[in-house]
Each structure stands twice: as structure tokens, then as C-alpha cells.
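Encoded as C-alpha cells, the structure appears first; notes follow it.
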Amino acid sequence: MVEDKINSNESEGAFNDFIEDRIDEMVDEILNDGNFDHFGDRNSDIIVDANDIIPPTFTYGDEGGGQGQGPGQEGGGKIKFGVPYKRFMELIASKLRLPDLSKEGNGKIKEISYAYKTFGPTGILLDKKRTFKRALRTSIATGSYVPQEDKWDVEIRRKDRRFKIPERVENPKYKAVVFYMGDISYSTFGERLEMEKRLVNFIQSWLDFNYGTNNVEHRFIVHDMDAYEVQQDEFYQVSNIGGTKASIAFDLVYQLAFHDYSVSSTNFYAFYFGDGEVFGNDSKEITEILTESMCPVFNRIGITEVLPGRWSRLNQDLSKNFSHHPKVRLSKIQSNSQTIDVIKALFGEYK
Amino acid sequence: MRLINTDPELFELEQRVKHHAKAMNRSLPEMRFFILDRLEFASLLEKHVYPTSPSNIWEGKKMINKKLQIESGQESGIYYEVVQTGNPSYAYLNNTNSPMMQASVMAHVVGHCEFSELNVLKDSNMDRTEFIMHLVKKVDNGRFQMGEKNYLNFWNAAESIIPLISPHSQFNLNRSIEDDTHHGQETDSTVPEEKVKVLLRPFSHTMDTLLKTSSNEQIWQEELQKKTQQEQISRQGYRLFAPCQDILGFLKNYAPCSWSEKAILNYMYVTHSTHDFVVRTQIMNEGWAMYWEKKIMMELFKEKAVKGIIDYAKTFSGVCLPRPFFARNPYHLGYNLWTHIEQLYEKGKISLDYWEETDQQKKNDWDIKPSNRPIQELENLVKTVTDYEFLRRFLTPELIFKFHLNRIPKQQAKGMGINKNDIVKEDDHWSWIQPKMVKNEMLNFFTHFYRPRIYIIDNDFKDGGLLIFHRNDYRKLRKDWIRPTLANINFIWKSPVYLISGNTLYSYSNHKMDEIEVNEVSFDQVAEKLQNFEKPVIV
């Protein structure tokens, strides 16, 4: 007997390779039909549900009955396997040939602050409340404070003193901030809403993957004639029928970026979704904001017309100044199958 | 994996078990015991009880699954006994079992090893495990020659044909194919047939000529048949003269494969062909093993080599739990049948005198010591019959009742659609069905093993195609698996492949499957045509 240890390592490896190929096929499928529903929660393993593999052979069909009596086939159902989120995103990135964004910007600076979280017997700032509580307890124990006997003395001894002790807290500065802008004046429901959700979902996942989940802040701005910040859920829910002005959303985003963050140490991204129907000199104002304010500090600005109609002209107007711009990307999406093209347009590099 | 002599306690037990087996006059091959840990055990089973196997995704899949089950506590990883019979036999002990359990496993293995040595199907052969290790090496060499992708593709295609092995079928290779050379098969399954002694007859040429009733036409036909037969053999090297049920065996020998591909088919055939022996002898085999296990264990308890007789009794009765006929427990049925037969022999109840006795009272009180020892008679049975004959001869209606083979939970009996007339007795929980029906069903199992019966009936169908025949048993084949299975056979045969099932002829070639309606032919018609040197099916 040659073998010292009986194992199936080689066969397990062969099966794992087989599964790798399956995952590769699955990523291709996702990319082909633009279906990002597999994503689930960000940063969690992607559970892949595939048909179980059984060697086919001549066997009785279901209609014959009595299957339970024979040497039944195993499974016949599904096999599940988990793909680490990072691995999955790497596959997506390599398939789409997306650049590694984390190289951009200076994102490793940390904000240092002090929080008073612990308390000790020595220090500078006396915590009066805690000190008094301890002194009261001691006085009761020593018998100097007995209200029934009309003794009211609370002695504050050295041991009872409690001081606030500051603790150094290092908060990473946001490596990236992403602004999502949505036009709520157009009919964002049904297919249009699904497309927008998918795109936003991918952008969130992609940037989280590049900078680390905790290092990216996602902010959502909606606008009609006015622009204001909302929570993510509301981003898809609020709607209004009436006039619209997109430039105010861009202006608000710039203001937020400028006032809320350190411009020198943050990677800014902004993505606009709308039907592209703009009025008056809205396009001109957007061009000005982009050129003068946003382009110098933002890493990437994406403007996507979702199911554009015959009156949509935002991209058309902007393309005069921003076609093949290194930072401003213009795209249109008419169907789910174009999701990948839009992602490539938003994040890919011009050759 | 370590040898048993690395554990002094188990080594001592092994010696005692072997001693008692010898004292009981058992015919045993060399038995080698090894101790494995839980995962090694799981892996060994996936390798079909051989220590090595070529890399393949199916073993990998099952092992990964099993590891998950063991880790999540869904599978204990404790197995009763695992043995690869042959000479030497290799038996594997699970290191998590208690010494009493290990002793019972070793005693059980004694029964299996002897059964394989003695049984008419001759399962035991020299150096089986070593031979498999040699085949694994050949497959590994072939794998490098084929390249990983081609190797996996071929292996996966061949997996489809593994269930189509029938080395002991009435229509196995020996009984369906004749060839011009003796094939030096690297297999163990063929049983050397006894040479038929040709009786000398008085010879008179004149008388023969006068008595010959054959017409010239007949003589000419016979000559033509012989000529066709010779031509076919000389052209292809072999000829089908009956349907061949051993499809993997056929492809292994006659498919146009490279030596690397043949190595894979050969490995698969040799590792899986023993399953046919197991399924045909399981009741006798397990019963024989339980019988000797108990005998040896009693000796071990007597001499206090092991402790825990109560635990052993519990384990034994757990293993020998009665089950209804469709979920038959070979341990229970086999053990009880062997002990019953032994009692019959002890009292001389298997004799002509006993059968010819007409007085029932005398028959009941019959106790005539036989000339042979009962155990010799039991050994003769092992040497001459398999499960089918074993049950046919000895499973009486009384025993069917006694072994609870016809007792089914009432609710289940309803679900199975059993006719009310077939139920002979009922209480609140159980229904007892006709014992005759049970016996028939149990015997029928050995004709189909609950699997479709598939045969190769023409190796030159439509100019080089392989024609496969599904013997009609009024059940349809699983439709969505016909195409991938034919594709896999086509991958191995490398020419078009056809399947007749009912009145449909499926054909597969160039990644395309077609089906056309044909006149249904019976199996008997096909067999007859083959015997008459005719094409079994012409479309």
C-alpha cells in the first residue's frame, strides 16, 4: 500500500475548478442580461444557485411511478455555493475591464477626535455627577448621611472623585463620497425605476468594493424645481409632476461637497439620472457648474438618461463640451441589456 | 491510514477473530485490516473502497458535500464495516468505534471474505486492490497524455454508462459476443465456463447422407450464415449473436478509443462491476456475514476478549431490524434465513424422505440426523446459488409472515394502492398482504433491479452506428436524459448512436438528436433475429 493518507483532495480541487467555471459563466450571464439581482446585501457572500450536476443515464421517467423503490437518483435539485463578495466584484471588474479606482485621490487621511468615554480617579475634568453619587454612597455607609436621624452631611473624599478621561478616536475621513441625483418630476416607476435601481445598486457595490464599505458615503439628492437631500429609500419613492430644473441639483451637490468634506482628501463622485428633458438654459447652467466647480474636484461625474423620450436633450447639449471628457461621462439606457454599456461608459477608461 | 498492528489492543482482537475463524474451519483469503479516521473513511467510500482513485469531479462533489455534512453534524461518519474482498482482502476500521464494535466488524468481515471466495459468482480474485492501484496509475498516465480538459470530458461521458454494467447478466459479454481472438481483459468478472465434453457418436457417412432431411436450400442457407459470420468477425473482430446488456463492458472492449480512454473505461468497469455481484447476492452475503459475526463474537465474549455483550446485542438487533419486502433489510432477512435453513438441515428436513412423508404429525416431529454436517450443506448453498434461487427455494409463506416481510403500515399500504383482496390481515396499525405476492415481487427484482433493461443490439446500424434497445416493460424512459445520455455514448463510440424505446427511434450524431416513429419490435424478436444472423431492426 503506497498511500499513507486516504483523501480526495485532487478530486475536490477538480470540482472546485468546475465550480469556478460555473461562476465565470454566471458572471457572463449577469453581464449579458444586465441582471444584478444576485448582488443581495453589499459586502455579503453572493449565493449562487445552480442546477445540480448528475451524470445522466437511461432511467425511468416520473410518469412510471414507484420511483421510491428503485435505487433513486441523488438530488436532482439545486446546489448552492457561496462566492465571496470581493471575488465576485473582482470577476465583474475583470470582465468589464474597469479601472482600479482606489488609486485615485488621497484617501488615507484620518480625522482624529477625542471622546470622553471612560472615567478614572485622576484627571483634570471632574465629573461632578459621578463624584457626588459615589460620595453619597460612602456617606450612607459611614453613617454621616442618615435623614431619619437628621444627619445630612455628604463628605466628598479623594477616593470618591471621578474625572473624565478623553480617549483618542481615529475616524477615517471618507475615502469617497457619492452623490446620486434623481429627477422626481418624470415618471420614475415600473421599468424606469428598476433600471435606475440597478444602476445605483451597481455603482454602490462597485465603489464600496474599491474603497471599502465603511469608507464610502452615499448621498441622495432629488430635484424638481427645487433640490433637496433624501434617504436612499425616498430616492426611489418621491415623485412630483410639474416643472423641473436639473442645474440646482448639481449646484447643491457641489455645495455639499465643498462645505461638508475636505476637498483635498476626498474622492467625489456624482451620478445624475433623469429623462433628459430640460428646459430653458438649464443645460447651459449645468455646463457652467460642471466646468467651473465640479470637474476640478470630482473624480467622476456620470449623467444618464433613463428611457429618454423625444424631448430629451440634456446629453445632446452636454456632449458639445463633454464628449470624451476624462471626468464627465454621458450615457443613455433604453433597456436592461444596456446596463453593462452604461456601466462601462460611466467607469471605463477611454483608450 | 495505519496498519492494525500499530494499535496493540485491536491487533490482539484481530488475532483472536482470525483464530476463531480458523477454528471454525472458515475458508479465508489473507485479510489485512487498516484503521482510518472519519474523513479517510468518507473518502474511501467515494473511491469505491479502494485507497486511490483518479481525479474526477463527482468524487470531489460528494466529498465536499460529505465534509459539510460531517462538520454540521448531519452525518456521524460512523460506518459499520467496509471491506474490499479479494485475495488479499482489505478491511477498514473506523478509529472512532469502540473495541467491541471493531471486533464485530472484523468478525463480520470474515463472513464477507469467505462468501466472496466460495460463491458461485466468484467475486474474489487475486490482488484486486493492487490491480486497481495499477489501473489508477494507467489512468493518471493517460490523463497527462489526453490533457486535463479532454480527460474530464471523457470521464464525465463515461459516468453515464456506469449503471449499464451487467457482467453477470444472462446477456453478458460472453453470452452475446463472439470474437476471433481471446481478449486479454484486465478484469476479474468472467467466470471460466466448464468445457463441454463432446460425446463420441457412431459415425457413418453413408447413413448420414441417407438420413439427412435438409434440403439443398437449407444447406446453402447454413453455409451462407457461416460465411457471413466469418466475414463479420474478420472485418470487425467480433460479432453480436445476442443482445448485449453489459454496455460498458462492450464499449470498453470494442469502442474505437485511444489507450488513455480505454484505461478510463477499464478502471470504471473493474471498480463498478463488483456492484453486480453485490446486488445479486446481498441477502445471502450479509446474512452469511451476520451469521459468522455472531458466532465469533460469542466466542470472544466467552473468553472475555471483549466486553459489552449487552451493547453488542443492542447493535445486533438494530442492524437486524425487520423491514417490509420493498425496503428489505438484507442483514435481517439473510441472517434469519441462514439460521432457519441450518435448523432444517439439523433435523434432516431438507431431504427426499421428508418431502415424501404424507403424515403431517410425523413431519412436525421430524428429527433425523443428516449424513453431512449442516454447516457443510450451508457452504454448498453458498457455492451454488445466488439470492434469486436462495429466496425461491427457502422463502416460504410462513417465513414471510415470521420475518414481517408482508407487514406494511396501514397508511402506507393505502398509499401504495394495494388491492383489498391482496390484504390477508389487518389491525389498527398494520396490514399484512398476500405472501405469494411478496415473494413474486422479491423475485422479480432480480430480473430488472428496478432499472430499465438496456441492450446493444447492433454495432453496425445504418453503417457504423450503435443501436441500443430499451426492453419494453411498460414504463417510459426519462425523456430529458435521453439526449445527454446518447450524447455521452456518442462521445465514446465516435459514430452515430441510436436508441429504440417503444415505437420511437432516437438518433444522435453531430450534436443533433432526431426521433422518428418506427414499428415496435419485441425483445424476443430482436434476440431471434440476431441468432439467425439477421439485422435486428431495419428502418
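Can you list the aspartates and glutamates whose alpha carbon sits under 17 Å from that of B:Lys462, skipping same-chain ones fewer than 8 residues off?
B:Asp514, B:Glu515, B:Glu517, B:Glu534
Using the Cβ atoms and a cut-off under 15 Å, what net charge is assigned to the surroundings of B:Thr6, where Lys and Arg are +1 and Asp and Glu are -1?
Around B:Thr6, the charge tally is -4.
Which aspartates and glutamates does B:Lys149 reach when only Cα atoms under 19 Å apart count, and residues fewer than 8 places away in its own chain are ignored?
A:Glu10, A:Glu12, A:Asp17, A:Glu20, A:Asp21, A:Asp24, A:Glu25, B:Glu59, B:Asp140, B:Glu159, B:Glu261
Grab region A:174-347 and count how many Lys pairs have their alpha-carbon atoms under 20 Å apart, sequence gap of 8 or more, or different chains.
For region A:174-347, the number of qualifying lysine pairs is 12.
Give me the percent relative contact order of chain B, please, defined on Cα pairs under 8 angstrom at least 6 residues apart.
14 percent
Can you run the Rg to Rh ratio on region B:320-448? Use alpha carbon positions and the Kirkwood inverse-distance Rh.
1.02
Using alpha-carbon pairs under 8 Å, 6+ residues apart, how would you state the relative contact order of region B:454-531 in percent?
Relative contact order here is 25 percent.
Sorting B:Ser317, B:Ser509, B:Ser43 by accessible area (1.4 Å probe), largest first, what list results?
In descending accessible area the options line up as B:Ser317, B:Ser509, B:Ser43.
What FRET efficiency do you get for B:Ile70 and A:Asp52 if R0 is 30 Å and r is their Cβ-Cβ distance, rounded to the nearest 0.05?
Efficiency computed from Cβ-Cβ geometry: 0.90.
Pairs A:Lys129/A:Lys159; B:Lys295/B:Lys439; B:Lys18/B:Lys347: which are spaced more than 20 Å apart, C-alpha to C-alpha?
Result: B:Lys295/B:Lys439; B:Lys18/B:Lys347 exceed 20 Å.
Any idea how far apart A:Glu234 and A:Phe279 come out in nm if each label point goes 7 Å out from Cα toward Cβ?
Those two pseudo-labels are separated by 2.4 nm.
How much accessible surface area, in Å² rounded to 10, belongs to the heavy atoms of A:Phe235 with a 1.4 Å probe?
A:Phe235 has an accessible surface of roughly 10 Å² with all protein chains in place.
Would you kindly state how much longer the chain becomes between B:Asn421 and B:Gln236 on full extension, computed as 0.36 nm times their sequence separation minus their alpha carbon distance, in nm to one decimal?
Length gained between B:Asn421 and B:Gln236: 61.0 nm.
If the label point is 7 Å along Cα→Cβ of B:Arg175, which residues in region B:436-473 have backbone nitrogen under 12 Å from it?
B:447
In peptide B:479-485, how many Cβ atoms from other protein chains are near each Cβ within 10 Å, on average?
What the average comes to for B:479-485 is 4.
I'd like the FRET efficiency for A:Lys151 and A:Ser113, computed as 1/(1 + (r/R0)^6) with the beta carbon distance as r and R0 of 35 Å, rounded to 0.05.
Rounded to the nearest 0.05, the efficiency is 0.20.
Go through B:Asp7, B:Asp127, A:Asp160 and list them by solvent-accessible area, largest first, probe radius 1.4 Å.
Sorted descending by solvent-accessible area, the residues read B:Asp127, B:Asp7, A:Asp160.
For labels at A:Arg158 and B:Asp353 in the simple 7 Å Cα→Cβ model, what's the distance in nm?
11.6 nm
For region A:110-170, what does the relative contact order come out to in percent, with C-alpha contacts under 8 Å and a separation of six or more?
Normalised by residue count, the contact order of region A:110-170 is 58 percent.
How many Cβ atoms of partner chains, on average, are near each residue of B:57-69 if near means within 10 Å of its Cβ?
6
Cross-link partners among aspartates and glutamates for B:Lys512, C-alpha distance below 18 Å, same-chain residues fewer than 8 apart left out?
B:Asp463, B:Asp480
Report Rg (one decimal) and Dmax (nearest whole number) for region B:1-144, counting Cα atoms only, units Å.
16.2, 50
Treat chain B as a sphere of radius equal to its Kirkwood radius over Cα pairs and apply Stokes-Einstein at 10 °C in a medium of 1.306 mPa s; give the translational diffusion coefficient in µm²/s, rounded to a whole number.
Value of D from the Cα-based Kirkwood radius: 59 µm²/s.
Determine the alpha carbon to alpha carbon distance for each of B:Lys302/B:Lys349; B:Lys122/B:Lys383; B:Lys252/B:Lys535; B:Lys227/B:Lys535; B:Lys252/B:Lys494 and list only those over 20 Å.
Table pairs above 20 Å Cα-Cα are B:Lys302/B:Lys349; B:Lys252/B:Lys535.
Semi-axes, largest first, in whole Å: what does sqrt of 5 times each Cα gyration tensor eigenvalue give for the protein assembly as shown?
Ellipsoid half-lengths, sorted descending, are 74, 44, 26 Å.
Calculate the FRET efficiency for B:Lys122 and A:Asn336 from the Cβ-Cβ distance with a Förster distance of 41 Å, rounded to the nearest 0.05.
Efficiency at R0 = 41 Å is approximately 0.05.
Rounded to the nearest 500, what is chain B's calculated 222 nm mean residue ellipticity when only DSSP H runs of at least 4 contribute -39500 (n - 2.57) each, over all residues?
Value at 222 nm, helices only, nearest 500: -16000 deg cm²/dmol.
Per-residue counts of other Cβ atoms within 10 Å, averaged by peptide: what ranking do you get for B:349-362, B:241-254, highest first?
Highest to lowest by the protection proxy: B:241-254, B:349-362.
If you count, for every residue in B:43-56, the Cβ atoms of partner chains within 10 Å of its Cβ, what is the mean?
Mean partner-chain Cβ count within 10 Å for B:43-56: 4.
Could you order peptides B:276-283, B:23-30, A:247-254 by the average number of other Cβ atoms within 10 Å of their residues, highest first?
A:247-254, B:276-283, B:23-30
Pulled fully out, how much extra length does the chain show between B:His134 and B:Gln218, if you take 0.36 nm times their separation in residues and subtract their Cα-Cα distance?
Answer, rounded to one decimal: 25.1 nm.
The values are calculated or read from the model by the stated rules, or taken from the named source; none is laboratory data. Quick caveat, the model's predicted, so the values are computed rather than measured. All Cβ positions, even for glycine, are placed from backbone atoms using ideal geometry, and neighbour counts span all protein chains on display. Accessible surface is based on the protein model in full, side chains and every heavy atom, while ligands, DNA and RNA are left aside. Shrake-Rupley method; radii C 1.70, N 1.55, O 1.52, S 1.80 Å.
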